[in-house]
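Let me begin by presenting the structure, written as structure tokens, before commenting on it.
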Amino acid sequence: MKIIKIILSVLFGLMFINAGLDKFLHYMPIPPMDPEVVKVTESFMSITWLMPLVGFVELLAGLFFLFPKTRLLGALMIFPIMIGILLHNMVYMPFGLTIAGALFLINLWVLYDNRDLVRKLIL
């Protein structure tokens, strides 16, 4: 089980490092989108500081996720962004829900594994 967690954590971390870098370097092609999704994307892009902030948090959390000592910090940092990704996929792009759901479950697994530390943060 430990090996599976390590592999999934590395894949999760690399996925978000890639997503964070793409926010700055724009190297991944953008698929064709419905007009409604284009409108929402343009709204997000009109807030000039939002996408660089999200990209920075994704990049940093992805790096933290790679190392066991900082994995919990990465999971806590990426959690609000994962909620946004999940909700966006539920409403606008249901075909991406499988990947978003799998990433969300990996994040929850890391948080659950460290539930004692998370409980101390909350209480």
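Pair-distance distribution of the chain: all C-alpha pairs, bin width 10 Å, starting at 0; shares per bin in whole percent are 12, 41, 33, 12, 1. Once you've got the Cα coordinates, tell me which of K2/K120; K2/K69; K5/K69 are over 19 Å apart. The answer is K2/K120. Rounded, prolate or oblate: which one fits region 70-123, using the alpha carbon gyration tensor with axes a ≥ b ≥ c (rounded when a/c is under 1.5, else prolate when a/b beats b/c, else oblate)? Prolate, since a/c reaches 1.5 and a/b exceeds b/c. Expressed as a whole percent, the accessible surface of the chain that belongs to carbon and sulfur atoms is 76, based on a 1.4 Å probe.
Helix by helix, which DSSP H runs in the chain go 20 Å or more along their axis at the Cα atoms and have an average Kyte-Doolittle hydropathy of 1.6 or more? Helices meeting the criterion: 50-66, 71-91, 97-113.
The values are calculated or read from the model by the stated rules, or taken from the named source; none is laboratory data. As the structure is a prediction and not an experimental result, all values here were calculated from the model. Protein only, heavy atoms only, side chains kept; ligands, DNA and RNA dropped before computing areas. Shrake-Rupley method; radii C 1.70, N 1.55, O 1.52, S 1.80 Å.
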